[in-house]
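Take a look at the structure set out below.
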Amino acid sequence: MEEENVDLFEKVVNLTKRRGFIYPSSEIYGGFSGVYDYGPIGVLLANNIKNHWWKNMVQKRPDIVGLDSGIFMSPKVWEASGHVSGFSDPLMENKKNGNRVRADHILEEIGVVADEKMSIEEINELLQKNSVALKKTGFNIDEYSEAKYFNLLVKSNLGDFTEQNDNPTYLRGETCQGIYLNYKNVLDTTSQKIPYGIAQIGKAFRNEISARQFIFRTREFEQMEMQYFVRPEEEMVEYEALKEFRWKSLLSLGIKPENLQWHKHENLVFYAREAYDIEFKYPFGFKELEGIHARGNYDLTQHSTYSGQKLEYFDEEKKEHFLPHIIESSIGVGRLFLAILCQSYTEEQVGDDMRIVLRIPKHIAPIQIAILPLSKKDELSIPASSLFEELSDNFMCQYDETQSIGKRYRRQDEIGTPYCITYDFDSINDNMVTVRERDTMEQERVSISELVVYLQNKFKS
Ligand code: GAP
């Protein structure tokens, strides 16, 4: 990472802690690697990101319905999906201190690709072949064990009351399996017909070897996934439409197009027809934000074989049975959250001061309006509290009467609040307040009776 970008990334990480976006898990016990907690401001931003996705994916799409399936499923699901046998990353362990690294990540740093389809022998050969180049980056392969594949599924003993736990249940490694299992239920209980989709937001768990880059790669994370069931011959046309739809959805969230790029997967798994990632320009480089895959009929074939159930679709018009093909869109809430923060972080000189502003797109700002009485005295705090009550019916508001007005403005700038409203001594007589805009810092005097409509128009524009 270039120095300037290291700096930006550190600043973003520090800000998230300082302002209640993200806390490390179990901090008072020294932390718990690969897990993070979303604080009071973070949970608002994450909810807004999820609501935007849901609105685009479900509310505005008559052909897509929602689902909330269980985190736990029959262990057979993960055998059928191929996760028990093949959901692994190549792990190497430091012989002295036991530190674990991913061999493919180590190779990636010198521009060598070790893809998912490679055998462990091939990866170890690649490591040997590139040992000199790796040494130049400070990585000495002699200090590490040979690479071996490590399965990422997280095991539990749910429903198993034996000591041995020979038949573990798994915490789901991706949310889409719950969608596949309910594809027939949805068809039988709604008016949906092929092509149609099921969308789901929920937690997924992976025993990531090297959880890293803050919330970019964690062991517990949330996914927003949509699986679209199509006629086989329409798979690629629908796939192109989904790619375009998802790109536009990210732009409508407020991601800048110059921060996005497509990445085509060259080495596809055997069943995939095509796979693209949308990458975001994080401070540590362009990295996967979302995966969009044409999966053929693999998933339904596998679940049909392992469950013994027929999962074919009957097209009543054409009087024809077929197994639908699936195209999917899958994106992590945390990765999108981090993308929004990195893109929004700005510093600017204001007089002698450095102002930090999070220019979060206004429609997803965690706090929309801050209500700031100029003083704590009852004559201001009582009417300002009433104003909070009135506005919070329509907006996510925060009431703050601590410290100087300047410090309060800076605090709101740092959490990306688009509008601050100051109730001052003149307000008592003229029933007007000062509205300050986050990005321009311009201030306008607005009548309290017109405030709700004034602010609604601001957010609309
Ligand atoms: N159902 C397909 C699937 O799960 P994936 O590429 O493994 O595909 C999809 O994951 C998305 O989930 C990724 O593009 C990323 O946004 C997010 N994701 C995956 N692993 C993650 C992790 N360890 N931490 C945070 N987000 C993750």
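Taken together, the values in this text are just the output of simple stated rules run on the coordinates, not laboratory data. None of these values were measured; they are calculated from a predicted model. Please note: Cβ atoms are built from the backbone with ideal geometry, for glycine as well, and neighbour counts cover all protein chains shown.
Computed values, structure above
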{"read-out": "DSSP bridge orientation in the chain - percent antiparallel, rounded to nearest 5", "value": "85 percent"}
{"read-out": "Amide H within-cut-off set for Glu222, under 5 Å, with H built and near neighbours excluded", "value": "Ala204, Val333, Gly334"}
{"read-out": "Under Karplus coefficients 6.51, -1.76 and 1.60, residue-wise ³J(HN,Hα) of region 229-246 in Hz, glycine/proline x", "value": "9, 9, 5, x, 6, 9, 4, 6, 5, 5, 5, 4, 5, 5, 4, 5, 4, 5"}
{"read-out": "Pairs from Lys50/Lys362; Lys76/Lys310; Lys17/Lys248; Lys136/Lys281 whose Cα-Cα separation, in the structure shown, is over 24 Å", "value": "Lys17/Lys248; Lys136/Lys281"}
{"read-out": "Within region 198-275: Cβ-based charge dipole about Cα centre, in debye rounded to nearest 20 (Lys, Arg +1; Asp, Glu -1)", "value": "420 debye"}
{"read-out": "Proximal aspartates and glutamates relative to Lys264, as straight alpha-carbon distance under 14 Å, when same-chain residues fewer than 8 apart are discounted", "value": "Asp115, Glu240, Glu274, Asp277, Glu279, Glu288, Glu290"}
{"read-out": "Cα-centre dipole for the chain with unit charges at Cβ (Lys and Arg positive, Asp and Glu negative), debye to 20", "value": "280 debye"}
{"read-out": "Electrostatic dipole magnitude of region 88-151 [Cβ: Lys, Arg +1; Asp, Glu -1; Cα centre; debye, to 20]", "value": "300 debye"}
{"read-out": "Computed FRET value (nearest 0.05) for Glu244 with Phe286, which takes r as the C-beta separation and R₀ as 25 Å", "value": "0.80"}
{"read-out": "Neighbour-count ranking [beta-carbon atoms within 10 angstrom, fewest first] of Trp53, Trp247", "value": "Trp247, Trp53"}
{"read-out": "Highest to lowest packing among 301-314, 336-349, scored as the average C-beta count within 10 Å", "value": "336-349, 301-314"}
{"read-out": "Cα gyration tensor shape of region 367-460, rounded if a/c is under 1.5, else prolate or oblate by comparing a/b with b/c", "value": "rounded"}
{"read-out": "Spatial separation of Cα centroids for region 313-355 and region 28-83, in angstrom", "value": "12 Å"}
{"read-out": "Full-stretch length increase - Glu316, Gln261 - with 0.36 nm per residue and alpha-carbon distance subtracted", "value": "15.7 nm"}
{"read-out": "Derived scalar couplings ³J(HN,Hα) [region 36-51; Karplus, 6.51 cos²θ - 1.76 cosθ + 1.60; whole Hz; x for Gly, Pro]", "value": "10, 10, 8, x, x, 7, x, 5, 5, 5, 4, 4, 5, 5, 5, 5"}
{"read-out": "Cα centroid separation - region 137-198 against region 232-278, whole Å", "value": "23 Å"}
{"read-out": "Sites matching trypsin sites (Lys or Arg not before Pro) across region 1-83 that sit in DSSP coil, with at most 12 neighbouring C-beta atoms within 10 Å", "value": "Lys60"}
{"read-out": "Amide hydrogen neighbours beyond the local backbone of Tyr282, cut-off 5 Å, H modeled", "value": "Lys287"}
{"read-out": "Gyration tensor (alpha-carbon) shape descriptor, region 94-197, a/c threshold 1.5", "value": "oblate"}
{"read-out": "Listed residues Val101, Gln59, Asn167: farthest to the positive end of the dipole of the chain (Cβ charges)", "value": "Asn167"}
{"read-out": "Two-site label geometry, Glu444 and Ile428: point separation in nm, points 7 Å out along Cα→Cβ", "value": "2.8 nm"}
{"read-out": "Gyration tensor verdict on region 88-151 (Cα atoms; rounded if a/c is under 1.5, prolate if a/b is larger than b/c, oblate otherwise)", "value": "oblate"}
{"read-out": "Contour excess over end-to-end distance, with Cα ends at Tyr149 and Ser85 and 0.36 nm allotted per residue", "value": "22.0 nm"}
{"read-out": "Other-chain or far-sequence residues with amide H under 5 Å of Leu91's (modelled H)", "value": "Ala103, Lys148, Tyr149, Phe150"}
{"read-out": "At R0 = 25 Å, FRET efficiency that the Cβ-Cβ distance of Glu437 and Gln59 yields, to 0.05", "value": "0.30"}
